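S.K.: Below is one structure. I have some questions about it.
The values are calculated or read from the model by the stated rules, or taken from the named source; none is laboratory data. Predicted model, so just to flag it, every value in this text is computed and none were measured. Don't worry about glycine lacking a Cβ; one is built from the backbone with ideal geometry, like all the others, and counts go over all protein chains shown.
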């Protein structure tokens, strides 16, 4: 079942098409990646989903019904890239205030704050002011205030900005936990390595248009270049065959090869086994989402893209 559906959304600012006929659906309980370079239209899309902007054309459905901000916003948690915290306010009071704005009673809010502050090791922050926090600490507080009211849809716009690797992993684990608990998460970023780890399904937008839509697994399969890395006990004996071309002879007694059209991995294995080479590993090299992102957004040729990503030129 889809929690959210966007149909043919369009949004214009003066003569600029910020969002130009974008449609997608998000399955309940999934982690959905909204990707694109800066200025691609991601934030405008999120602002339409949260009722901040109204689409000029198109429609949004939430839980199978036309999206109604007056009723549905209570079920959404939105963490914008531009942080919205009160700098002079104490952290504990701010978390309590924002939770009550979301409809929680004081006792419910206090219980939720205590749980999250303990999880994220924020217990000693209660009387600190936001202006005294580092960017990473502010990020953790913003995350807590976004999820305190247990929303069905959680929208995170660049949630790891300013976080060190340890705190990034903590927040990543909590995102997984929220999804396992039934929450649906939209994760918006231009950092592809995070998406590859976290997301089930992605769309890529560029210049206001959707240019890619699919599961992470299927997208990587769609853009594979038939590249394999073959490891040997010792240097391979004259790897010449019509079944493949050698892309790189690696220093660890492995070869990076591209299988030629009309041939299969079995043909490659057969070639080396016939030559008496001892194979210890045989792995397909799939492109990273970062490779695919650059290829689609910048129009980089696949072969050169692979070489650049792997430091081969």
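S.K.: I'd like the full set of residues that are closer than 10 Å to residue 257 by Cβ and touching a residue at least 60 places away in the same chain (Cβ under 8 Å), limited to region 221-238.
M.R.: 227
S.K.: Using the structure shown, decide if residue 269 is surrounded by 15 or more Cβ atoms within 10 Å (Cβ to Cβ) and outside any helix (DSSP H, G or I).
M.R.: It is false that residue 269 is surrounded by 15 or more Cβ atoms within 10 Å (Cβ to Cβ) and outside any helix (DSSP H, G or I).
S.K.: Something else now. Looking only at residues that are in contact with a strand residue (DSSP E or B) (Cβ under 6 Å, 6 or more places away or on another chain) and over 19 Å from residue 138 (Cβ atoms) in region 71-93, which one is surrounded by the fewest Cβ atoms within 10 Å (Cβ to Cβ)?
M.R.: The qualifying residue surrounded by the fewest Cβ atoms within 10 Å (Cβ to Cβ) is 72.
S.K.: From 120, 104, 96, 141, which residue is closer than 24 Å to residue 46 by Cβ, buried (at least 20 other Cβ atoms within 10 Å of the Cβ) and touching a residue at least 12 places away in the same chain (Cβ under 8 Å)?
M.R.: 141
S.K.: Can you report the number of residues in region 7-29 which are within 29 Å of residue 179 (Cα to Cα) and buried (at least 18 other Cβ atoms within 10 Å of the Cβ)?
M.R.: 5
S.K.: Does residue 82 meet the test of being part of a helix (DSSP H, G or I), without any contact (Cβ under 8 Å) to a residue 12 or more places away in the chain, under 28 Å from residue 132 (Cα atoms) and out of contact with any helix residue (DSSP H, G or I) (no Cβ under 8 Å at 6 or more places or on another chain)?
M.R.: Taking the combined requirement at face value, the residue does not satisfy it.
S.K.: Would region 93-116 turn up any residue that is part of a strand (DSSP E or B) and over 16 Å from residue 147 (Cα atoms)?
M.R.: no
S.K.: Would you mind telling me which numbered condition in (1) touching a strand residue (DSSP E or B) at 6+ places or on another chain (Cβ under 8 Å); (2) more than 30 Å from residue 95 (Cβ to Cβ); (3) surrounded by fewer than 20 Cβ atoms within 10 Å (Cβ to Cβ); (4) touching a residue at least 12 places away in the same chain (Cβ under 8 Å) residue 200 fails?
M.R.: Status for residue 200: all satisfied but (2).
S.K.: Sticking with this structure for a sec: Test residue 291 against the stated conditions and say whether it is surrounded by 15 or more Cβ atoms within 10 Å (Cβ to Cβ), in a loop (DSSP other than H, G, I, E, B) and either outside the structural domain of residue 195 (by TED's automatic domain parsing) or modelled with pLDDT of 50 or more (or both).
M.R.: No.
S.K.: Let me ask something additional. Hey, which of the helices (runs of 4 or more DSSP H) in region 124-231, taking only ones fully inside, have at least 1 residues that are touching a helix residue (DSSP H, G or I) at 6+ places or on another chain (Cβ under 9 Å) and within 20 Å of residue 114 (Cα to Cα)?
M.R.: 135-147, 165-180
S.K.: So, residue 3, is that one touching a helix residue (DSSP H, G or I) at 6+ places or on another chain (Cβ under 6 Å) and at pLDDT 90 or above or not?
M.R.: Taking the combined requirement at face value, the residue does not satisfy it.
S.K.: Still on this structure, please answer the following. Go through (1) in contact (Cβ under 8 Å) with a residue 40 or more places away in the chain; (2) under 22 Å from residue 76 (Cα atoms); (3) buried (at least 16 other Cβ atoms within 10 Å of the Cβ) and name the single condition residue 160 misses.
M.R.: Failing condition for residue 160: (1).
S.K.: Condition first: in a helix (DSSP H, G or I) and in contact (Cβ under 8 Å) with a residue 60 or more places away in the chain. Can you find one or more residues in region 68-76 that meet it?
M.R.: Checked against the condition, which is being in a helix (DSSP H, G or I) and in contact (Cβ under 8 Å) with a residue 60 or more places away in the chain, region 68-76 yields at least one hit.
S.K.: Being in a strand (DSSP E or B) and closer than 12 Å to residue 208 by Cβ is the filter here; which residues of region 9-59 pass it?
M.R.: Within region 9-59, 9, 10, 11, 12, 13, 16, 17, 18, 19, 20, 21, 22 meet the criteria.
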